[in-house]
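> Please find one structure pasted underneath; my questions will follow.
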Amino acid sequence: MKIGFYPKLAAVSIRKNKKMFAPFILTCVGMVMMFYIIMFLGVNGVSDDMIGAEFVRSMLQLGSWVIAVFSCIFLFYTNSFLMRRRKTEFGLYNILGMGKWSIGRILFWETLIEAAVSITTGLALGIALSKLAELGFVNVMRGQITYDLKVSPLAVIRTLEVFGVIFMLLLLNSIRQVRFASAVQLMRGENTGEKPPRANWLFGILGVLVLGCAYWIAVKINDPINAVMWFFAAVLMVIAGTYLLMISGSVMFCRLLQKNKRYYYKPNHFVSVSSMAFRMKRNGAGLASICILATMVLVMISSTTCLYFGEENAVNQRYPRDINIDFRFGELKGLSDDTAEAIRRDLQKMTADAGADESDVISYRAAYVSGLLLGDTVELDVRNVDSVGIDTMSNVWQFYFVPLSDFNSMVGEDISLGRDEALVCVYRGEFDGDTLSFNGGRSFNVKKYDGTKFEHGEGYILSQFMIVIVPDLEYATEGIAEMTDALDERMLRYRMKYNFNTELDADEEIALCDKINELLYSTPLDASYMEATYGAYASISSREENRQDFYGMFGTLFYIGIILSIVFILAAVLIIYYKQLSEGYEDQGRFDIMQRIGMTKREIKRNVNSQLLTVFFLPLSFAALHLLFAFPIISKLLMLFGLDNVALFAATTGISLCVFAVFYTIVYFVTASAYYKIVSGIGERA
């Protein structure tokens, strides 16, 4: 036998089956290109001169490995479509006398050709487009643009390693399928699973219950900390519930349509519903995969877009003023009137010496503690709670005791309170009680106050919190001050905030921040002040100095979100394409018989549209439903990044859903046309 026989046979096989191989190879090319580009941006020093470079590099490298893992899983999934379509061909080879070893050699050369074309073309495109990707990335990050073209040897080597291993695993899996199947099984491989499935009510009900639990968790979560704890559990439950419901529920759905005589016994529904019910058990997994990929795209692009366009809002939440100073004290005496006045006076002098004026000052003292709000009682020691679950964790609050004098000074009012009375301002939660009691501390008669009038500058606090304004701080915290936690540390902490704006430009503002920081830590401001604030710690931050950190973090997430969304969209499109193609070839014989007994091309088209419309938009509908229930928990997760602009997130989510729906509809028309051409025999028997 000639040496080039097997390579030639493999090349001819790929060319003859180009409808099957071309989309697979193009997708491989796209994933190789994406992997190289992300790896290139992570290892080539693009972000070295940016603030927060370490975070940017870490996120880019994480993104590249996400693409690698997903590529492996997805290419295995799509390769199963190819193998299923090719089994009849391999069975014919086997019957004609070709051994399994020879078929394995054909598979080897086919895989080698696919790998060579995919990796070479993907790397070439990745290298060619890497500069464009770098310019886009630097522009998103608001960094300095350079125009020198580079090739990263490390990124090339990593790409060759990753996709070389993936194609080797694909080859071994293909050989395994052929090796352990008889010639008869191979010949029938394309028709495997043709037995009409039964509706599995147990799996269907289980899928509904699992999805219901995931939705309940997503809606029930009230704060970002709990959102982090339960998010991944909810995601896994959504994936499991979707597969259970699509695989078994889709069969039940078809059975219900068949029982509806008014719907089922119509010319454009009868054939389509029967055909769907016949193979829905196997293709339910494909529908579920499309649904999960669509959900991933929608969640990723809507959240990262919201972060990118809301980054200025997040900066202002975290740094409410140009200069933000936070004093922490070990004792209550650090919050005395004399100490507070000395701090304000010294800071005003520092600012004036730097040639700047203070404006929009936020200045107040606070003693703060965390606890469980159970009705109108605050349990400060979690050891007194019988059990801790999702409901309990949702009741964790932070309580800030603020002196009435500071509050009146900030809001410009002259409110008076009795000794056991308190004004409360509630944030990120609800409280309707007329009294507020601290277990181990005091009880207060509550007066409500509009929290929006008190600019506290604590926008970065993740949990629900309440500001409790009291006339006497020492009296109000009596009993709580002596309490300790399980580590024998005091529960009550003391702080003073002093934030203000300046008229300085960015560089001058950063210089002022550095000067104040230097004075705070290098020179005693005043002997009595240092004595009164013994054990104090001060942190100072400039909004301008930290703005680039936010741009870097949000820009990176936005860019990676776009890249991963493209990868997931490619995956969804390929699954849809192969699903339509494989179903078209399966249905071709059935529709051929229908044409012979009188069904026209027009009736075939109506049946095709009825079938595809019924099934095709199920994944999109479920993805929209998943997104709707995921909205509350994702909005809580965005608070971790300092973004609580729910209106912006709702807008980006709605726009993302509409754009994706339009794209999905375009894919529907393209693939529906391919399906119709196959089942109607256009071009197949010409």
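The values are calculated or read from the model by the stated rules, or taken from the named source; none is laboratory data. For clarity, every value in this text was computed on a predicted model and none was experimentally measured. Heads up, the Cβs are rebuilt from the backbone with ideal geometry, glycines too, and the neighbour counts pull from every protein chain shown.
> Please work out if R365 is surrounded by 17 or more Cβ atoms within 10 Å (Cβ to Cβ), assigned to a strand (DSSP E or B) and either out of contact with any Asp or Glu (no Cβ under 8 Å at 6 or more places or on another chain) or basic (K, R) (or both). Show your work before the answer.
On the way: surrounded by 17 or more Cβ atoms within 10 Å (Cβ to Cβ): yes; assigned to a strand (DSSP E or B): yes; either out of contact with any Asp or Glu (no Cβ under 8 Å at 6 or more places or on another chain) or basic (K, R) (or both): yes.
Spelling it out, R365 is indeed surrounded by 17 or more Cβ atoms within 10 Å (Cβ to Cβ), assigned to a strand (DSSP E or B) and either out of contact with any Asp or Glu (no Cβ under 8 Å at 6 or more places or on another chain) or basic (K, R) (or both).
> Moving on. I145 fails exactly one of the following numbered conditions: (1) modelled with pLDDT under 65; (2) touching a strand residue (DSSP E or B) at 6+ places or on another chain (Cβ under 9 Å). What is the number of that condition?
All conditions are met except number (2).
> Restricting to region 421-442, name every residue that is among the charged types (D, E, K, R), touching a residue at least 12 places away in the same chain (Cβ under 8 Å), within 24 Å of E455 (Cα to Cα) and part of a loop (DSSP other than H, G, I, E, B). Lay out the reasoning, then the answer.
Initially, region 421-442 is screened for residues among the charged types (D, E, K, R), giving 421, 428, 430, 432, 434, 442.
Of the ones still in play, those that are also touching a residue at least 12 places away in the same chain (Cβ under 8 Å) are 421, 428, 434, 442.
Next, from what is left, pick out any that are within 24 Å of E455 (Cα to Cα): 421, 428, 434.
Within region 421-442, R428, D434 meet the criteria.
> Can you find a residue in region 291-311 that is at pLDDT 70 or above, in contact with a Cys (Cβ under 8 Å, 6 or more places away or on another chain) and of a type in the set (A, V, I, L, M, F, W, C)?
Checked against the condition, which is being at pLDDT 70 or above, in contact with a Cys (Cβ under 8 Å, 6 or more places away or on another chain) and of a type in the set (A, V, I, L, M, F, W, C), region 291-311 yields no hits at all.
> Can you say whether I67 is in a helix (DSSP H, G or I), within 16 Å of A10 (Cβ to Cβ) and at pLDDT 75 or above, as far as the supplied structure shows?
Answer is no for this residue.
> If you go through region 328-369 one residue at a time, how many are under 18 Å from L512 (Cβ atoms) and in contact with a strand residue (DSSP E or B) (Cβ under 7 Å, 6 or more places away or on another chain)? Let's see the steps before the verdict.
First pass over region 328-369, keeping only residues under 18 Å from L512 (Cβ atoms): 343-363.
Retained after the next criterion (residues that are in contact with a strand residue (DSSP E or B) (Cβ under 7 Å, 6 or more places away or on another chain)): 343-344, 347, 358-363.
Summing the residues that are under 18 Å from L512 (Cβ atoms) and in contact with a strand residue (DSSP E or B) (Cβ under 7 Å, 6 or more places away or on another chain) in region 328-369 gives 9.
> Continuing with the same structure: Here's a check for you: in region 611-641, which residue that is modelled with pLDDT of 65 or more and among the hydroxyl-bearing types (S, T, Y) is farthest from the chain's Cα centre (by Cα)?
Result: S621.
> Filter region 342-385 down to the residues that are without any contact (Cβ under 8 Å) to a residue 40 or more places away in the chain and of a type in the set (A, V, I, L, M, F, W, C), then identify the one that is nearest to E508 (Cα to Cα).
Here the answer is A352.
> When you scan region 434-464, how many residues do you find that are in contact with a Ser or Thr (Cβ under 9 Å, 6 or more places away or on another chain) and either at pLDDT 75 or above or surrounded by fewer than 17 Cβ atoms within 10 Å (Cβ to Cβ) (or both)? Outline the logic, then answer.
If we filter region 434-464 for residues that are in contact with a Ser or Thr (Cβ under 9 Å, 6 or more places away or on another chain), which is where we start, we get 435-439, 441-446, 463-464.
Filter once more, so that each one left must be either at pLDDT 75 or above or surrounded by fewer than 17 Cβ atoms within 10 Å (Cβ to Cβ) (or both): 435-439, 441-446, 464.
Matching residues across region 434-464 total 12.
Every residue, every condition in (1) exposed (fewer than 15 other Cβ atoms within 10 Å of the Cβ); (2) touching a Lys or Arg at 6+ places or on another chain (Cβ under 6 Å); (3) of a type outside the set (D, E); (4) modelled with pLDDT of 80 or more, yes or no:
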| residue | (1), (2), (3), (4) |
| --- | --- |
| E489 | yes, no, no, no |
| I510 | no, no, yes, yes |
| L557 | no, no, yes, no |
| F591 | no, no, yes, no |
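> Kindly indicate the residue of region 465-505 that is part of a strand (DSSP E or B) and over 23 Å from I323 (Cβ atoms) and also farthest from the chain's Cα centre (by Cα) among those meeting that condition. Write out each step before concluding.
As a first pass, look at region 465-505 and keep what is part of a strand (DSSP E or B): 465-470, 484, 490, 493-501.
When the remaining residues are screened for being over 23 Å from I323 (Cβ atoms), the result is 465-466, 468-470, 484, 490.
Working: F465: 26, M466: 30, V468: 36, I469: 39, V470: 42, T484: 38, R490: 37 Å.
Filtering region 465-505 for residues that are part of a strand (DSSP E or B) and over 23 Å from I323 (Cβ atoms), the one farthest from the chain's Cα centre (by Cα) comes out as V470.
> So, in region 66-97, exactly how many residues are among the hydrophobic types (A, V, I, L, M, F, W, C) and free of Cβ contacts under 8 Å to residues at least 40 places away in the same chain?
Going through region 66-97 one residue at a time, the tally reaches 3.
> Counting only residues that are out of contact with any Cys (no Cβ under 9 Å at 6 or more places or on another chain) and small (G, A, S), which one in region 651-667 is surrounded by the most Cβ atoms within 10 Å (Cβ to Cβ)?
Among them, the one singled out is S656.
> Give the residue that is nearest to G561 (Cα to Cα), with candidates limited to residues of region 301-317 that are surrounded by fewer than 20 Cβ atoms within 10 Å (Cβ to Cβ) and in contact (Cβ under 8 Å) with a residue 60 or more places away in the chain.
Y308
> Look through region 11-31, keep the residues that are of a type in the set (S, T, N, Q) and more than 19 Å from A128 (Cβ to Cβ), and return whichever of them is farthest from the chain's Cα centre (by Cα).
Initial filter on region 11-31 (of a type in the set (S, T, N, Q)): 13, 17, 27.
With the extra rule that they be more than 19 Å from A128 (Cβ to Cβ), the set shrinks to 13, 17.
Details: S13: 41, N17: 37 Å.
The extreme case among them is S13.
> Further question: Could you pull out the residue among D391, D346 that is at pLDDT below 85, out of contact with any His (no Cβ under 8 Å at 6 or more places or on another chain), closer than 30 Å to F231 by Cβ and assigned to a helix (DSSP H, G or I)?
Of the residues listed, the single one that is at pLDDT below 85, out of contact with any His (no Cβ under 8 Å at 6 or more places or on another chain), closer than 30 Å to F231 by Cβ and assigned to a helix (DSSP H, G or I) is D391.
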